[in-house]
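Everything on this sheet refers to the single structure shown next.
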Protein chains: 2
Amino acid sequence: MSATIKDIAKLAGVSHTTVSRALNNSPLIQEETKERIRIIAEQLDYTPNYNAKSLVLDRSYNLGLFFTTLSNGTSAGFFYEAIRGVNSVIRDRYQLIVKGIDDYTSFHSITKKSFDGIIIVSQSDDDGPIIEHIANKGIPLVVLNRPVDTAGVLNVLSDEEQGAFHAGAFLVNQGHKKIALIEGRKGFKSAQNRKDGFERAMEHYGILIPASYRMPGLYDLESGHQAMQQFLSLEERPTAVFCCNDEMALGAIKAVFEAGLQVPKDISVVGFDDTVFAAYVTPALTTVRRPIEQISKEGALRLLGNIENKLHATEQLLLRTELIVRESVQVLQA
Amino acid sequence: MSATIKDIAKLAGVSHTTVSRALNNSPLIQEETKERIRIIAEQLDYTPNYNAKSLVLDRSYNLGLFFTTLSNGTSAGFFYEAIRGVNSVIRDRYQLIVKGIDDYTSFHSITKKSFDGIIIVSQSDDDGPIIEHIANKGIPLVVLNRPVDTAGVLNVLSDEEQGAFHAGAFLVNQGHKKIALIEGRKGFKSAQNRKDGFERAMEHYGILIPASYRMPGLYDLESGHQAMQQFLSLEERPTAVFCCNDEMALGAIKAVFEAGLQVPKDISVVGFDDTVFAAYVTPALTTVRRPIEQISKEGALRLLGNIENKLHATEQLLLRTELIVRESVQVLQA
DNA sequence: AAGACTATTGTTAACGTGTGCATAGATGTG
DNA sequence: CACATCTATGCACACGTTAACAATAGTCTT
């Protein structure tokens, strides 16, 4: 089959050890011997057997990239950006193994031998157990997108509180005073953070949110739709609505049109996430963009650093979000 | 560190050979011995070292999923569906290694030892060399999404010719007779197939396409925009336009609005691909959906069959596309 | 010139697993 | 009872690589 270092050794008239050293550019080997061996290796189209290497070096050359789920729930754009980001960092140094956490029936097979490091793109609190498992096994780990405080686990995520603050501030700066909120799904950290940021903005500008201007939501189209219907039925309608994600924003916009009103003329809408479709809906959605690709890049970089330098700092990195202004917010005269 | 079969052997008072056989459920071992060994293995939290296994069994337990590019060009939805499809088939039998072909500086490291099989989601003719390389190395291979005729290579793709035929037929059936075409990018197989299918439909219904009703395109927004402007400037405007992909359709719709006209009232538009945003634009785009997830599932299934049964049939499987009727086509009175 | 040191290469074992062959005991057969 | 057969297990080696230690030859030191 394929050539091994022993084949090369025979042809070069040296021991296989010498070949191993030569190909790993060891300073022990004479330069001309190295060169001779390299040429023979080239001729034989030699490729090292990584399984053998892994076995003795105790490294797998594998990096795991785990998502909460692959089968449903993860948005395509999110998924794509995450893989892109990580891939751009590791290139040919590691193999990238993509998995859905919910595909595991047992974490048993996740060992130090099979993964040099793992990146978890976490989208749910249910990911706790696997994070624990990996941390216990002592596998270098970075968790993206969701705050985590397990010891020794790196953590990179976007500052959603700050993003929501900006979105709120933006509405105020455009002249809005009657601003309503459609909240995210209960129990999701992101829902809490976004709500907090928005509220902080309102507080900062001295704007009160009456109870009637708050509606719970489930992060889906339908709940956004219902919430907006509720707002529209009020005596005194809000002039702007901050939705904790784009999908609810879409539902909300739909409700506005159904009521014979216009976005943004009659009511302004802001979303969160900058989903793929946000730029394509009518009106194009003003929203908060999370720097997914940057997050995954930073995460991958930190993971590699951790693997190679064996640093084990628990460190949380918050990256700034960006407000993407499109067409769904109206400038109000004061 | 972690337990090995030798550790288990010591505790069980047997040789490591017996442990190996027991854990692989060999019929050579007594049932009670097996059970005893299994229990000890469980207690030690034993996980086989896959590197060692791979070395002796000459199998990697790795499946490669290669895209033409990860860094740009691949659409997020496409990417997501492909990974989902493959993942749903392999589950825990293999590790899924995701790569961009353009990340390889040399294919040298792609060997039979490191991949039990490879799935290429091909989006460009430039993928020829890597397909050749893999086929030469004798690695089981399936190419998705693009026709390929290398010997021994499985091939699964959607029947785009048929999809375009249906789209054309649909327009005719809605009463359209003046139908224009914006072509795909020259040199892309898909561009040819879609054009062929559309033309066959027109021919089938005895409809002529005047030269002025044909415009070249580049599969991007801008070229769709320009082409539509051209059509709108004609003395006798078409009532419907078939665009060889959604992005051009989007550009075309934009041009219609800019001219103060309406889609679909004044002019109908059909796209191809059912991109993520197709459902969200206004009007929602009628388009042809390629069964990406099904393609990748079928591809993965065939690959596994190939790996395990060592069948080596060159077989092409064409899967039917689906016409997604939304709001961008007007019904005309005859 | 003898010992110490350096540069280069070889010998051998190790990583963890699977397998062909040998072995020992049990069982069956005539 | 002698022999063949079967069952359950062990021994030794193999997979391809790296690395600790050994060995050799040449060079330097005093």
For B:Thr4, all conditions in the list (1) within 32 Å of the chain's Cα centre (by Cα); (2) more than 10 Å from chain A (Cβ to nearest Cβ); (3) of a type in the set (S, T, N, Q) hold save one; what is the number of the exception? (1)
Number of positions in the stretch B:95-104 that are within 10 Å of chain A (Cβ to nearest Cβ) and either in a helix (DSSP H, G or I) or of a type in the set (Ser, Thr, Tyr) (or both): 2
Among (1) modelled with pLDDT under 95; (2) part of a loop (DSSP other than H, G, I, E, B), where does A:Arg237 come up short? (1)
For the structure I just gave you, tell me whether B:Thr105 is β-branched (Val, Ile, Thr) and more than 10 Å from DNA strand C (Cβ to nearest atom). yes
Taking the stretch A:40-87, which residues are more than 9 Å from chain B (Cβ to nearest Cβ), under 11 Å from the mean Cα position of the chain (by Cα) and hydrophobic (A, V, I, L, M, F, W, C)? A:Phe66, A:Phe67, A:Ala82, A:Val86
Exception for B:Thr68 within (1) away from DNA strand C (no atom under 14 Å from the Cβ); (2) surrounded by fewer than 19 Cβ atoms within 10 Å (Cβ to Cβ) falls at (2)
Within the stretch B:16-40, restricting attention to residues that are buried (at least 18 other Cβ atoms within 10 Å of the Cβ) and aliphatic (A, V, I, L, M), which residue is nearest to DNA strand C (Cβ to nearest atom)? B:Val19
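Yes/no per residue for (1) without any contact (Cβ under 8 Å) to a residue 24 or more places away in the chain; (2) in contact with a strand residue (DSSP E or B) (Cβ under 9 Å, 6 or more places away or on another chain); (3) not basic (Lys, Arg):
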{"position": "A:Ala22", "(1), (2), (3)": "yes, no, yes"}
{"position": "A:Arg38", "(1), (2), (3)": "yes, no, no"}
{"position": "A:Leu44", "(1), (2), (3)": "no, no, yes"}
{"position": "A:Thr47", "(1), (2), (3)": "no, no, yes"}
{"position": "A:Asn62", "(1), (2), (3)": "no, yes, yes"}
{"position": "A:Ser71", "(1), (2), (3)": "no, yes, yes"}
Residues (outside any helix (DSSP H, G or I), farther than 18 Å from B:Asp103 by Cβ and small (Gly, Ala, Ser)) located in the stretch B:121-165: B:Gly138, B:Ala151, B:Gly152, B:Ser158
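If I filter the stretch A:5-15 down to residues being without any contact (Cβ under 8 Å) to a residue 40 or more places away in the chain and in a helix (DSSP H, G or I), which single residue comes out as surrounded by the most Cβ atoms within 10 Å (Cβ to Cβ)? So that I can check it myself, show each step before the final result.
The initial filter retains those residues of the stretch A:5-15 that are without any contact (Cβ under 8 Å) to a residue 40 or more places away in the chain, namely A:6-15.
Narrowing further to those that are in a helix (DSSP H, G or I): A:6-12.
On the way: A:Lys6: 12, A:Asp7: 16, A:Ile8: 25, A:Ala9: 19, A:Lys10: 14, A:Leu11: 16, A:Ala12: 19.
Among those residues, the one meeting the criterion is A:Ile8.
Is the stretch B:41-48 home to any residue that is out of contact with any Gly (no Cβ under 7 Å at 6 or more places or on another chain), aliphatic (A, V, I, L, M) and near DNA strand C (Cβ under 9 Å from one of its atoms)? Even if it seems obvious, please write down each step before you answer.
Within the stretch B:41-48, the first condition is being out of contact with any Gly (no Cβ under 7 Å at 6 or more places or on another chain), and the residues that meet it are B:41-48.
Filter again for aliphatic (A, V, I, L, M), leaving B:41, B:44.
Among the residues that remain, those that are also near DNA strand C (Cβ under 9 Å from one of its atoms) are: none.
No: the stretch B:41-48 contains no residue that is out of contact with any Gly (no Cβ under 7 Å at 6 or more places or on another chain), aliphatic (A, V, I, L, M) and near DNA strand C (Cβ under 9 Å from one of its atoms).
The values are calculated or read from the model by the stated rules, or taken from the named source; none is laboratory data. In this text the structure is predicted, and so the values were computed from the model without any measurement. Every residue, glycine among them, receives a Cβ derived from its backbone with ideal geometry; neighbour counts consider all protein chains shown.
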